[in-house]
1. Using the alpha-carbon centroid of each, what span in Å lies between region 76-93 and region 294-326?
2. Among 68-77, 241-250, what's the highest-first ranking by average C-beta atoms within 10 angstrom per residue?
3. Given 148/343; 112/142; 73/148, which pairs have Cα atoms separated by over 23 Å?
4. For region 236-297, run through the chymotrypsin sites (Phe, Trp or Tyr not before Pro) and keep only the ones in DSSP coil with at most 13 other Cβ atoms within 10 Å of their Cβ.
5. R0 = 30 Å: FRET efficiency of residue 194 with residue 321, Cβ-based, nearest 0.05?
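Bear in mind that the values in this text are calculations on the coordinates, not laboratory data. Everything numeric here is computed off the predicted structure, so don't read it as measured data. We place every Cβ from the backbone using ideal geometry, glycine too, and count neighbours over all the protein chains shown.
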Amino acid sequence: MSSGLFALLDDIAALAKVAAASLDDAAAQATKAGAKAAGIVIDDAAVTPRYAVGFAAERELPIIGKIALGSLKNKLLFLLPGALILSLIAPWAITPLLMIGGVYLCYEGAEKVLERFLPHHAHHDDDAPGAAVDPKALENEKVSGAIKTDFILSAEIMAITLASVSASSFWTQALVLAIVGIGMTAFVYGIVALIVKADDAGVALANNNRPMTTFFYLGRSKALAALGTDPRMLDRWLSPLTKPLGRGLVVGMPVFLTFLSGVGTAAMLWVGGGIIIHGFEGYGFGWLGHLIHDWAAAVAHGVAILSGLVEWLVSAALSAVVGLMVGAATILVLHYGVSPMVKLFRKSAPAAFGFGAALSVFEFERQLQLLL
């Protein structure tokens with residue numbers, strides 16, 4: 001009887017070791033997948049704070065919380081099951097979908113670069129003067145828009161994660177996707193919350209003459225009283241430090257957000273270009289990836305120190321150049337190809353089915369031939 005019990009305990013211990021190893025493996029794979037999705041995460045963190053701009057300070061964190069909850073629902077309720085179903089019934093589609101997402105990232109990055117050098121003012125419809133706006137409706141609209149944008153970025157994060165664990169078991173894939181989904185959401189929106197409230201913290205520090213007494217309640221500290229230390233003396237020592245820090249936060253946050261936006265754009269181009277390059281390698285067109293690797297290795301070879309970092313930076317920069325070229329080509333196709341075709345289709349769309357529909361189709365084809 002005792003030998004059977006010990007055998008059972010050995011089996012349980014063996015299962016526990018296997019489970020622990022699986023969790024460690026899942027955590028390691030989630031970390032690697034998260035690193036690959038870093039460019040999208042940076043862009044997400046750079047884009048999201050603008051959705052909380054223009055609202056009262058007490059509404060900023062609730063708005064970020066609503067967006068974070070919507071992002072979590074996107075990842076866990078829609079994208080995670082969809083990714084698992086895709087891995088079961090059509091694993092061959094993962095790479096093409098990932099490349100399509102890479103093209104989208106390149107398009108977004110190239111559009112931001114184009115906007116930087118050729119700014120336009122096509123998105124100021126919300127700034128029309130004299131229009132009465134319900135703050136609650138405006139908040140809901142902003143949150144809804146942010147969640148829709150997040151869905152696209154989250155889909156790319158989950159696709160990158162799925163491609164990273166495509167050779168793993170079904171349950172490992174599910175666990176890694178869940179870990180990445182929850183972890184990325186917590187990380188991104190935690191950073192966003194800090195960014196959004198940084199200027200308020202700066203104002204509070206800049207206008208406060210008693211930082212230690214106010215923020216740490218040292219005026220009520222019995223320990224300081226026992227030591228005979230006056231909290232007001234600490235305030236006099238520290239306020240010359242905290243006030244400039246506060247003013248620096250207020251002045252520096254717009255600059256930091258601009259810098260973060262630039263880094264996010266570069267990261268999108270780097271990640272998108274890298275996805276396309278590696279995708280082509282999977283289909284036997286690896287010459288571009290090999291060329292980039294050889295150039296990066298050659299540059300790193302001529303550097304005495306930090307050659308590994310230099311090789312990575314050169315490789316990332318060249319991938320970003322490829323991403324910029326793909327994005328620029330996508331903009332041209334959409335602007336001069338797809339957009340005119342859509343306009344023609346809308347003009348010739350039938351008001352009803354039947355002969356009218358047939359005539360509209362013929363008219364559309366005729367207009368398309370004239371266009372080409």
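1. 34 Å
2. By packing density, highest mean first, the sequence is 68-77, 241-250.
3. 148/343
4. Numbers: sites: 237, 256, 259, 270, 280, 283, 285, 287, 295; in loops: 283, 285.
Passing sites in region 236-297 are 283, 285.
5. Working: r = 32 Å, r/R0 = 1.08.
It comes out at approximately 0.40.
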